[in-house]
Amino acid sequence: MAFSSCFRFPNNDGTFTAMTFTRSKTFKTEAGAQRWLTRNHCE
C-alpha cells in the first residue's frame with residue numbers, strides 16, 4: 001500500500017498550503033499549490 005505524504009489544504013485567508021513530508025509553502029491559488037506538489041514529485 002502506498003502512502004502519500006503530500007497534502008494541499010485551504011487556509012482561512014483564502015490561500016492554500018501545499019505540504020510534503022519535509023517542506024511546506026503557501027500559495028494564492030489551489031492550482032499553484034498543485035503545480036508545486038507536482039514539481040516536488042507528488043501526485
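Coordinate-derived values only; no laboratory data. A quick note: this is a predicted structure, and the numbers were derived from the prediction, not measured. Backbone-built Cβ (ideal geometry, glycine too); neighbour counts: all protein chains shown.
Report the net charge of residues surrounding GLY14, where surrounding means a beta-carbon distance below 13 angstrom and charges are Lys +1, Arg +1, Asp -1, Glu -1.
Computed value for this residue: -1.
Expressed as an acute angle from 0 to 90° and rounded to the nearest 10, what is the orientation of the C-alpha long axis of helix 30-39 relative to the principal long axis of the chain?
The angle comes out at about 30 degrees.
Assign unit charges at the C-beta atoms only (+1 for Lys and Arg, -1 for Asp and Glu), then state the dipole size of the chain relative to its Cα centre in Debye, rounded to the nearest 20.
Rounded to the nearest 20 debye, it is 160 debye.
Pairs of Cα atoms under 8 Å, at least six residues apart: use those to get the relative contact order of the chain, whole percent.
Answer for the chain is 32 percent.
Using θ = phi - 60° and the Karplus form 6.51 cos²θ - 1.76 cosθ + 1.60, what ³J(HN,Hα) does each residue of segment 5-13 get, whole Hz, x for Gly and Pro?
Result, rounded to whole Hz: 9, 10, 9, 9, 8, x, 9, 5, 8.
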